[in-house]
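Colleague: One structure is given below, represented as C-alpha cells, and several questions about it will come after.
The values are calculated or read from the model by the stated rules, or taken from the named source; none is laboratory data. Keep in mind the model is a prediction, meaning the values are calculated, not measured. With ideal geometry, Cβ positions are generated from the backbone for all residues, glycine too; neighbour counts draw on all protein chains shown.
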Amino acid sequence: MKVLVVEDDPDLREIYSAVIDRLGGEAVPAESVKQAYEILESRKDLNIGLVDFFVPGFVQGFARGRGPLATKLKEIPNFCFAFVSGSATLTEEEAKLNGACCLVAKPVTSGELETVLRTMYERSQAH
C-alpha cells in the first residue's frame, strides 16, 4: 500500500502517516496541491490517497472536477482516493461526483482511518 497524503496540517500528516506505517504501507506526504501534483507526475507506484479537500488551492481547482490535480487524480488507473474534510458542507455524494471513493470526516480515529485505507486498497487491487 503506497499512499499519497495531501494535507497542509503537519500534525495531521504525521498522524495519517503513522497509521499507514502501522498497516505496513508507505506514506508519501504532500503539503500542497503543487507538491501533490509533482509527486503524482514522478511516482507511478501510488495506489491510494488521502486528500484534504480544503488544502489551500485545492477547492478552487477541484470545483466540479477541474484543475490539474483533480484531472491527474482521475486519470490514474486503479487509483482510489478519499477526501478528508472537517466541513459539514461537503457530502459523500459530492465527494464521489468529484472522483473520490469516499469521504472521511474529521476528526477521524485511527481505527476508522485504518478501515478506510484497507477498503480503498482492496478496491484499487480489484481492478
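Colleague: Looking at (1) within 17 Å of residue 119 (Cα to Cα); (2) surrounded by fewer than 19 Cβ atoms within 10 Å (Cβ to Cβ), which is the one condition that is false for residue 27?
Modeller: (2)
Colleague: Are any residues in the range 91-127 basic (Lys, Arg) and modelled with pLDDT of 95 or more, and if so, which ones? I'd like the intermediate steps shown before the answer.
Modeller: Within the range 91-127, the subset basic (Lys, Arg) is 96, 106, 118, 123.
The one that is basic (Lys, Arg) and modelled with pLDDT of 95 or more: 118.
Colleague: Just need a number here: residues in the range 41-57 that are in contact with a helix residue (DSSP H, G or I) (Cβ under 8 Å, 6 or more places away or on another chain) and among the aromatic types (Phe, Trp, Tyr).
Modeller: 1
Colleague: Looking at the range 3-27, which of its residues are farther than 16 Å from residue 55 by Cα and β-branched (Val, Ile, Thr)?
Modeller: Taking the range 3-27 first, the residues farther than 16 Å from residue 55 by Cα are 3, 15, 17-27.
3, 15, 19, 20, listed by residue number.
Colleague: If the requirement is being outside any strand (DSSP E or B), at pLDDT below 90, surrounded by 19 or more Cβ atoms within 10 Å (Cβ to Cβ) and out of contact with any Leu (no Cβ under 6 Å at 6 or more places or on another chain), which of these qualifies: 62, 54? Spell out the reasoning first.
Modeller: Values: 54 fails: surrounded by 19 or more Cβ atoms within 10 Å (Cβ to Cβ).
Every option except 62 fails the conditions.
Residue-by-condition table, conditions (1) acidic (Asp, Glu); (2) in a helix (DSSP H, G or I):
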residue	(1), (2)
13	no, yes
27	no, no
35	no, yes
45	yes, no
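Colleague: Sticking with this one: Of the residues that make up the range 102-124, is at least one in contact with a helix residue (DSSP H, G or I) (Cβ under 6 Å, 6 or more places away or on another chain), closer than 24 Å to residue 71 by Cβ and of a type in the set (S, T, N, Q)?
Modeller: No: the range 102-124 contains no residue that is in contact with a helix residue (DSSP H, G or I) (Cβ under 6 Å, 6 or more places away or on another chain), closer than 24 Å to residue 71 by Cβ and of a type in the set (S, T, N, Q).
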